[in-house]
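Chemist: Dumping the structure here so I can ask a few things about it.
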Amino acid sequence: MTVTAGWYMALAAVLFVIGGAGLLLRRNALIMFMSIELMLNSVNLTFVAAGNAQGSLDGQLAVLFVMVVAAAEVTIGLAIIVMVFRKRATASVDELSGMKG
């Protein structure tokens, strides 16, 4: 049995749905960031599978850019979460929504 690009696309879709569910259902900021990273990795898998199916390296080049953006997002996001956690002693998004005013 050969594994085709369709199998990789199906796996990427499942990972994206799990990440989306984690983003919508969880109220902890760290888990929400992990869910976003899971979604970005599923997109990376899609890019690589599509590029491999077409026989080009364009998918891998796109993955490189997505990984750079994801690394910057994690660095800035985690720094913000750590600073808010030090000030409020919680990472719950529901309790942090009172910081608006």
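Chemist: Please list, in chain and number order, the residues 5+ apart from ASN28 or on another chain whose amide H is under 5 Å from its amide H, with Hs placed from the backbone.
Modeler: VAL93
Chemist: Where is the GNM fluctuation largest for the chain (alpha-carbon springs, 10 angstrom cutoff): VAL66, VAL84, VAL48?
Modeler: Result for the chain, Cα springs under 10 Å: VAL84 fluctuates most.
Chemist: Spelling out what I want: for every residue of the stretch 68-73, take phi, set θ = phi - 60°, compute 6.51 cos²θ - 1.76 cosθ + 1.60 (Karplus), and round to whole Hz; glycine and proline get x.
Modeler: Ordered by residue, 3J(HN,Hα) equals 5, 5, 5, 5, 5, 5 Hz.
Chemist: Taking R0 as 25 Å, what FRET efficiency do you get between ASN28 and ILE76 from their Cβ-Cβ distance, rounded to the nearest 0.05?
Modeler: Efficiency for this residue pair is about 0.85.
Each reported figure results from applying straightforward, stated rules to the coordinates on display, with no laboratory input. Here the structure is a predicted model, which means the values were calculated and not measured. A quick note on method: Cβ atoms are made from the backbone with ideal geometry, for glycine too, and the neighbour counts reach across all protein chains shown.
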